[in-house]
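*Asks:* Handing you a structure now.
The values are calculated or read from the model by the stated rules, or taken from the named source; none is laboratory data. Since we're looking at a predicted model, the values are computed, not measured. Here the Cβ positions follow ideal geometry from the backbone for every residue, glycine too, while neighbour counts run over all protein chains shown. For accessibility, only protein heavy atoms count, side chains too; no ligands or nucleic acids. Shrake-Rupley method; radii C 1.70, N 1.55, O 1.52, S 1.80 Å.
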Amino acid sequence: PSQRYKFDDFFDALYRFSRPYDASDTSYPTNMTYFYSPDHPPFYMGDPYMRHGHKYGLANIALFLSNVLEVSVEKDETCDELNEFEVSGKIPISNSCGQRGISYQDMTCYNDPGMACQVDPNMYITAVTSRREFGAAPAMQCGPKFRIPQTGYWDFDLVEEVNQITYANDNARVDVEGCCWWGRGVLQTKGVCSFGRLNYYIGKRAANEGRESLFPDIDFCYNPEAVCGSESKHELVWMSGLFEWIDRVQSYDQGGFNYMKLLHSFADAGMNDDVFIKSVLAIVQTGCHNPPCSSAGCVNFPCDGAYVMDENSGVRKAYRTFFELTLWNFFPDSPGGSHVPTPAPTQCEVNCTEVPSLSPQPPTSTPSKAPIVIASSFPSESPTRAVDSRITFFEDFRIYLNDRRVLIDSEIFVSETDSGWTASTLYSLDGFLNTLEELATYGVNDMMFYIGQGQSGVFEHGLVNLALFLAHAMTRGLALDTCEEVNQHLVGGKLPLSNSCGQYGRSYSDEICLQADAAMECSVDPSINVVQASVGNSGSPPFFCAPTSTHPFTGYYDPLSQSSINTPFANEAGRLDVEGCCFWGRGMLHNQGICDIGRFNYIYGLPAFMDGRTSGRYNIDFCLHPEALCSDFTIPATEFNKFPSTIDTSEVRYLIGMLYWADYVQSYNWGFWNYMEKIKLFVDGGMRDYSFVDEFSDIVLDSKRDGALRREKFRKVLGILFMEAPTLSPTNFPTTSPSTSPTSRPTRPPTPLPTQPPSIDTRAGQDLSSYPNQQPASNPDRPVMIDISAPKPVGGLPSVTIDDLNFSSATKAICFNGQIWAFMLSIVCCALF
């Protein structure tokens, strides 16, 4: 599932951009603000005065989503346009001015030049998102020439930016002054015209001119990066795209191509017209339906940007969307229906009858069978590189865990509360897997989280490694559903407030790295003030750090009276103050100290950006702002970035623990004790000798105090991961018979398993009709794909009409739009995101 583009965010944005302007439709909540402009239509949801008129709205939604898949969702890690267009084999840094021959700052509004944003040469912005793959070009950036006098290119071989010599983009730009208009959001809104229109209709300009505005405080001309980096980014990534669709696609009527008229014909004919789909794709990407498009923004027409990048890919995405929405099942080829033959048609209310009075014409032909859909991202050809093999392996690994999702969700990703064990609100299997994917396929700094991948990998060894990681997490972040370590070490029956400096005799600010990694560790800044944001389900007093000038000493918390006493009271290490004591545990494993946090900061934080290393993901100094490890962080305006930017750090809670595990635990080799060798011996010995877990707690973690608990959790996780999946799955992963009680100690120890690595489905190219969940596609123009997921009913939803769906009384849905919303809720969220 996508981590950036969420169905709930899309659904909310669609609500707010589709309400009829007369506000007569009671299916729309009254506690929301809606897009409204007398000279700009809402998002088209279909014809309420035609029988099955909602299919036109669903076709419009499906085409929008298929273009979103093509442009952004499948590049989930980024909201900003990627710097990826090569000029003579190199990627110019000046591509932020425009790629494929387009100049974004010259994309003026031809019909109304006053709508466009004015180019400010002093704007200084760095994109908050970029491609995460190793070796990828850095984030887009713009800035005045007195700050960035010249730009070079990205060197793939050296994996670094070369600025000693100038290197021009396709329009001969060797600077980035005024070049702040790269694409953003689900449809990559770009150029001074598009951002100007966005500002005019839903931004600050609308508010300044006395018109209704959804974002009256956001000036998209002053800060276009607000789409990806403001507190409203979750809404804006979708709303910018919906506005772009209404503005450029839904309103398109040029050269004999009227989108709205042709949309109706397209839907009535069974949504099968490749030419129409390609024309819509061209409008989205280039500005016209028949490339090359003069309105694309080419400096020298025609340029490469006046053509669609891959129209066949766009058609495949469209067919995938139609299939996932089951539109072919619900709406076979038919002319749809006639308008209601009354002078003043009205929308039907509750208990709608067959409207209109005239019956629609019968279907002209038998609808073609729906295509078979891929449920995984397997490569179309056999892997030729190690990374392809790891990606394929990880997809099988994901399926393997998803087959055990019920037990994993109910027994592992849970926390203890006063009312018993409940599902975690911070951690989930989806969040864990989405974060793990990069570290298990591409890795970072020559490190990789081990799940059994690689030529010499053994799947059982990978599962044991994962089991121990999760077991350790169940004694840390998962236990109390918190991202931050909690104050729990009693000294004389009291909780010292100076435990933020270290618990159980430890001193976190003195836990330095080995000499080889000394450059990574955080420097202790005595002036920092940080207060713990959440204590989870613990009920403990929050940790804090502060200089001695304001807090010369600290007291304690009395659990009996549940009150804090402000008399000097030392922790076990003898600390009375909390100066510089800001490095308590964070993340799923509660990684503590200046080395663990410094390591994460060095690899993924601001130092990586400043050093020009490609591992940099977060423009944050986590050593100065350790609170950002557990909550979204707003970077104030600095020389590096002119505007405040809110950065989503939701993956950090997983990532900091995974990095620690890959860097420290998996490489642990001290004297007689080698971690990976211990895992091999454990598996080869039939997974019976659990003493290695006790040794792990004592030697590797120096946490013998809770070793018994970790061992207990390990046995539970191991029983779940090695049990037979509760549903059929054609993966080739080895399994054992489940114990009689998978949530307790297994009744017998697992036996050694085959070591054959997983492989992709080998049925491609065969007659799939003999398989219960496979259908050969009858239309050769639609993609033939294979569903390797667990069996599910053929044909999507049960054979009912839209009119049979139950509507939510909470939204007071009336007949027409109630059908749209019920349809979307029941299908889209599970299929495309």
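*Asks:* Being open to solvent by 10 Å² or more (accessible area, probe 1.4 Å) and among the aliphatic types (A, V, I, L, M) is true for just one of Ala608, Ala570. Which residue is that? Walk me through how you get there before you give the answer.
*Replies:* On the way: Ala608 fails: open to solvent by 10 Å² or more (accessible area, probe 1.4 Å).
Only one candidate passes the filter, namely Ala570.
*Asks:* Within the set of pairs 6+ apart or on separate chains, which have a first residue in segment 496-509 that is within 9 Å of Ala573 (Cβ to Cβ), a second that is of a type in the set (Phe, Trp, Tyr) and assigned to a helix (DSSP H, G or I), and C-beta atoms under 8 Å apart?
*Replies:* Cys501/Tyr508; Gly502/Tyr508
*Asks:* Let me ask something else. State all residues of segment 536-559 that are free of Cβ contacts under 8 Å to residues at least 40 places away in the same chain, open to solvent by 30 Å² or more (accessible area, probe 1.4 Å) and over 33 Å from the mean Cα position of the chain (by Cα); if no residue qualifies, say none. Write out each step before concluding.
*Replies:* Let us first name the residues in segment 536-559 that are free of Cβ contacts under 8 Å to residues at least 40 places away in the same chain, namely 539, 546-553.
Of the ones still in play, those that are also open to solvent by 30 Å² or more (accessible area, probe 1.4 Å) are 539, 548-553.
Answer for segment 536-559, where residues must be free of Cβ contacts under 8 Å to residues at least 40 places away in the same chain, open to solvent by 30 Å² or more (accessible area, probe 1.4 Å) and over 33 Å from the mean Cα position of the chain (by Cα): Thr548, Ser549, Thr550, His551, Pro552, Phe553.
*Asks:* Modelled with pLDDT under 95 and among the aromatic types (Phe, Trp, Tyr), is that true of Tyr618? Outline the logic, then answer.
*Replies:* Numbers: modelled with pLDDT under 95: yes; among the aromatic types (Phe, Trp, Tyr): yes.
Judged against the criteria, Tyr618 is a match.
*Asks:* With the requirement that a residue be open to solvent by less than 20 Å² (accessible area, probe 1.4 Å), of a type outside the set (A, V, I, L, M) and under 15 Å from Ser279 (Cβ atoms), what does segment 244-259 give you?
*Replies:* Quick first cut of segment 244-259, residues open to solvent by less than 20 Å² (accessible area, probe 1.4 Å) only: 244-246, 249-250, 252, 257, 259.
Then drop every residue that is not of a type outside the set (A, V, I, L, M), which leaves 244-245, 250, 252, 257, 259.
Within segment 244-259, Trp245, Gln250, Tyr252, Phe257, Tyr259 qualify.
*Asks:* Taking Glu81 as the residue in question, decide whether it is touching a Phe, Trp or Tyr at 6+ places or on another chain (Cβ under 8 Å) and closer than 18 Å to Ser240 by Cβ.
*Replies:* On the way: touching a Phe, Trp or Tyr at 6+ places or on another chain (Cβ under 8 Å): yes; closer than 18 Å to Ser240 by Cβ: yes.
Here the answer is yes, as Glu81 does meet what is asked.
*Asks:* Just for helices (runs of 4 or more DSSP H) wholly inside segment 666-757: which have at least 1 residues that are among the basic types (Lys, Arg) and at pLDDT 80 or above?
*Replies:* Values: elements: 675-684, 691-695, 707-721.
So the answer is 675-684, 707-721.
Rundown of residues vs (1) assigned to a helix (DSSP H, G or I); (2) surrounded by fewer than 18 Cβ atoms within 10 Å (Cβ to Cβ), yes/no style:
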residue: Ser213; (1), (2): no, no
residue: Asp217; (1), (2): no, yes
residue: Asn223; (1), (2): no, no
residue: Val237; (1), (2): yes, no
residue: Leu242; (1), (2): yes, no
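*Asks:* Just for segment 509-535: of the residues that are over 12 Å from Cys545 (Cα atoms) and hydroxyl-bearing (Ser, Thr, Tyr), which one is surrounded by the most Cβ atoms within 10 Å (Cβ to Cβ)?
*Replies:* Looking only at segment 509-535, we keep the residues that are over 12 Å from Cys545 (Cα atoms), and these are 510-523, 533-535.
This time we only want the ones that are hydroxyl-bearing (Ser, Thr, Tyr), so: 523, 534.
Numbers: Ser523: 10, Ser534: 16.
Per the stated criteria, the residue is Ser534.
*Asks:* Do you know which residues across segment 244-262 are in a helix (DSSP H, G or I) and free of Cβ contacts under 8 Å to residues at least 24 places away in the same chain?
*Replies:* So in segment 244-262, the residues in a helix (DSSP H, G or I) come out as 244-250, 259-262.
Across segment 244-262, the qualifying residues are Lys261, Leu262.
*Asks:* Output yes when any residue across segment 435-454 is out of contact with any His (no Cβ under 7 Å at 6 or more places or on another chain), of a type in the set (S, T, N, Q), assigned to a helix (DSSP H, G or I) and crowded, with 16+ Cβ neighbours inside 10 Å, and no when none is.
*Replies:* Going through segment 435-454, the residues out of contact with any His (no Cβ under 7 Å at 6 or more places or on another chain) turn out to be 435-451, 453-454.
Remaining after also requiring of a type in the set (S, T, N, Q): 435, 441, 445, 453.
Add one more test, that the residue is assigned to a helix (DSSP H, G or I), and what stays is 435, 441.
Remaining after also requiring crowded, with 16+ Cβ neighbours inside 10 Å: 435, 441.
Yes, segment 435-454 has at least one match.
*Asks:* Turning to a different aspect of this structure: In segment 57-88, how many residues are of a type outside the set (Phe, Trp, Tyr) and not in a helix (DSSP H, G or I)?
*Replies:* Residues of segment 57-88 of a type outside the set (Phe, Trp, Tyr): 57-63, 65-84, 86-88.
Restricting the remaining residues to those that are not in a helix (DSSP H, G or I) gives 72, 76-84, 86-88.
Qualifying residue count for the region: 13.
*Asks:* With respect to the numbered conditions (1) surrounded by fewer than 15 Cβ atoms within 10 Å (Cβ to Cβ); (2) of a type in the set (D, E, K, R); (3) within 18 Å of Ile656 (Cα to Cα), which one is the sole condition not fulfilled by Arg476?
*Replies:* In the conditions (1) surrounded by fewer than 15 Cβ atoms within 10 Å (Cβ to Cβ); (2) of a type in the set (D, E, K, R); (3) within 18 Å of Ile656 (Cα to Cα), Arg476 misses (1) alone.
*Asks:* Moving on. Write out, first by first residue and then by second, each pair whose Cβ atoms fall under 7 Å of each other, whose residues are 6+ apart or on separate chains, and whose first residue, in segment 278-299, is modelled with pLDDT of 90 or more while the second is open to solvent by 50 Å² or more (accessible area, probe 1.4 Å) and part of a strand (DSSP E or B).
*Replies:* Partner pairs satisfying both residue conditions: Cys288/Gln254.
*Asks:* Given Tyr110, Tyr36, Tyr104, which one is among the aromatic types (Phe, Trp, Tyr) and modelled with pLDDT of 90 or more? Give the derivation first.
*Replies:* Values: Tyr110 fails: modelled with pLDDT of 90 or more; Tyr36 fails: modelled with pLDDT of 90 or more.
Result of the check over Tyr110, Tyr36, Tyr104: Tyr104.
*Asks:* Let me ask something additional. Yes or no: segment 160-173 includes at least one residue that is among the small types (Gly, Ala, Ser), within 20 Å of Pro224 (Cα to Cα) and out of contact with any His (no Cβ under 6 Å at 6 or more places or on another chain). Give the derivation first.
*Replies:* Of the residues in segment 160-173, the ones among the small types (Gly, Ala, Ser) are 168, 172.
Right, trim to within 20 Å of Pro224 (Cα to Cα) and you get none.
No, because not a single residue in segment 160-173 is among the small types (Gly, Ala, Ser), within 20 Å of Pro224 (Cα to Cα) and out of contact with any His (no Cβ under 6 Å at 6 or more places or on another chain).
*Asks:* Every residue in segment 555-597 that is of a type in the set (Gly, Ala, Ser), touching a Pro at 6+ places or on another chain (Cβ under 9 Å) and either within 19 Å of Pro526 (Cα to Cα) or part of a loop (DSSP other than H, G, I, E, B) (or both), please. Let's see the steps before the verdict.
*Replies:* In the first step, residues of segment 555-597 are kept if they are of a type in the set (Gly, Ala, Ser); the result is 555, 561, 563-564, 570, 573-574, 580, 585, 587, 593.
Next, from what is left, pick out any that are touching a Pro at 6+ places or on another chain (Cβ under 9 Å): 555, 564, 570, 580.
Answer for segment 555-597, where residues must be of a type in the set (Gly, Ala, Ser), touching a Pro at 6+ places or on another chain (Cβ under 9 Å) and either within 19 Å of Pro526 (Cα to Cα) or part of a loop (DSSP other than H, G, I, E, B) (or both): Gly555, Ala570, Gly580.
*Asks:* I've got another one for you. Only one of Asp632, Asp694 is surrounded by fewer than 17 Cβ atoms within 10 Å (Cβ to Cβ) and in contact with a helix residue (DSSP H, G or I) (Cβ under 8 Å, 6 or more places away or on another chain). Can you tell me which? Full working, then the answer.
*Replies:* Numbers: Asp632 fails: in contact with a helix residue (DSSP H, G or I) (Cβ under 8 Å, 6 or more places away or on another chain).
Selected residue: Asp694, the only one of Asp632, Asp694 that is surrounded by fewer than 17 Cβ atoms within 10 Å (Cβ to Cβ) and in contact with a helix residue (DSSP H, G or I) (Cβ under 8 Å, 6 or more places away or on another chain).
*Asks:* Say we look at segment 75-117 and pick out the residues that are under 24 Å from the mean Cα position of the chain (by Cα) and hydroxyl-bearing (Ser, Thr, Tyr); which of these is nearest to Arg197 (Cα to Cα)?
*Replies:* Ser96
*Asks:* From Asp648, Asp706, which residue is of a type in the set (D, E, K, R) and open to solvent by less than 30 Å² (accessible area, probe 1.4 Å)?
*Replies:* On the way: Asp648 fails: open to solvent by less than 30 Å² (accessible area, probe 1.4 Å).
Asp706 is the lone residue from the list that is of a type in the set (D, E, K, R) and open to solvent by less than 30 Å² (accessible area, probe 1.4 Å).
*Asks:* On to the next question. Considering only residues that are under 18 Å from Arg147 (Cβ atoms) and at pLDDT 85 or above, which ones fall in segment 626-647?
*Replies:* Answer for segment 626-647, where residues must be under 18 Å from Arg147 (Cβ atoms) and at pLDDT 85 or above: there is none.
*Asks:* Restricting to segment 49-71, name every residue that is touching a His at 6+ places or on another chain (Cβ under 8 Å) and open to solvent by 10 Å² or more (accessible area, probe 1.4 Å). Quick ask: steps written out before the conclusion?
*Replies:* First, pick out the residues of segment 49-71 that are touching a His at 6+ places or on another chain (Cβ under 8 Å): 49-50, 56.
Tyr49, Met50, listed by residue number.
*Asks:* Right, next: With respect to the numbered conditions (1) modelled with pLDDT of 90 or more; (2) in a helix (DSSP H, G or I), which one is the sole condition not fulfilled by Phe322?
*Replies:* (1)
*Asks:* Arg100 versus (1) open to solvent by less than 50 Å² (accessible area, probe 1.4 Å); (2) in a helix (DSSP H, G or I): which is the lone unmet condition?
*Replies:* (2)
*Asks:* Could you please give the count of residues in segment 72-97 that are aliphatic (A, V, I, L, M) and open to solvent by less than 20 Å² (accessible area, probe 1.4 Å)?
*Replies:* Count: 3.
*Asks:* Which one is nearest to Ala296 (Cα to Cα) among residues in segment 260-285 that are open to solvent by 50 Å² or more (accessible area, probe 1.4 Å) and small (Gly, Ala, Ser)?
*Replies:* Ser265
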